[in-house]
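A.B. asks: Got a structure for you, written out below as structure tokens; questions coming shortly.
Here, each number is a calculation from the coordinates, and none is a lab measurement. Just so it is clear, the structure is predicted and the values come from calculations on it, not from any experiment. Cβ placement follows ideal geometry from the backbone for every residue including glycine, while neighbour counts extend to all protein chains displayed.
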């Protein structure tokens, strides 16, 4: 099955296709891992405006096209995910590993008295990797 292009993905999520959105999404797809906005700016080239990148990222996150998380380094990281997943992060060296472990948001919502639905979640695990414990 053919993978959707950045332009097709934007349209599927109800977004207008602009060159900036296509470039940002394409760079995230090519990165294949969560990256900070500054690293994204480096990947896009010196002419890329960081404020425009941040606005574009927020738009993509709000439409559920891009996942945003924080790996305790005080920077937001952004990732295009074909399949929903989370990460285990080493607190010593920053190594990241994907995990498919997740929670069922619908079941969890039923456990709260003041919330009917949950729209999204962020779930990351932190520890020390094998390399750093030896």
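A.B. asks: Checking the structure you have, find out if any residue of the range 93-113 is touching a helix residue (DSSP H, G or I) at 6+ places or on another chain (Cβ under 8 Å) and touching a residue at least 24 places away in the same chain (Cβ under 8 Å). Step through it out loud before you land on a result.
C.D. replies: The first filter runs over the range 93-113 and keeps only residues touching a helix residue (DSSP H, G or I) at 6+ places or on another chain (Cβ under 8 Å), leaving 93, 95.
From what's left, touching a residue at least 24 places away in the same chain (Cβ under 8 Å): 93, 95.
Within the range 93-113 (the criterion being touching a helix residue (DSSP H, G or I) at 6+ places or on another chain (Cβ under 8 Å) and touching a residue at least 24 places away in the same chain (Cβ under 8 Å)), the answer is yes, since at least one residue qualifies.
A.B. asks: In the range 122-134, what count of residues is obtained for those that are loosely packed, with under 11 Cβ neighbours inside 10 Å and within 18 Å of residue 76 (Cβ to Cβ)?
C.D. replies: 1
A.B. asks: Then there's this: Please determine whether any residue of the range 76-84 is loosely packed, with under 11 Cβ neighbours inside 10 Å and touching a strand residue (DSSP E or B) at 6+ places or on another chain (Cβ under 9 Å).
C.D. replies: Within the range 76-84, one or more residues are loosely packed, with under 11 Cβ neighbours inside 10 Å and touching a strand residue (DSSP E or B) at 6+ places or on another chain (Cβ under 9 Å).
A.B. asks: OK, next. Quick one: would you say residue 89 is farther than 30 Å from residue 133 by Cβ and in contact with a strand residue (DSSP E or B) (Cβ under 7 Å, 6 or more places away or on another chain)? It would help to see each step written out before you state the result.
C.D. replies: Values: farther than 30 Å from residue 133 by Cβ: no; in contact with a strand residue (DSSP E or B) (Cβ under 7 Å, 6 or more places away or on another chain): yes.
Against the criterion (farther than 30 Å from residue 133 by Cβ and in contact with a strand residue (DSSP E or B) (Cβ under 7 Å, 6 or more places away or on another chain)), residue 89 does not qualify.
A.B. asks: Which ranges mark the strands (runs of 3 or more DSSP E) fully within the range 24-134 that have 3 or more residues being within 21 Å of residue 10 (Cα to Cα)? Let's see the steps before the verdict.
C.D. replies: On the way: elements: 67-70, 76-79, 86-90, 96-99, 124-127.
The qualifying strands (runs of 3 or more DSSP E) are 67-70, 76-79.
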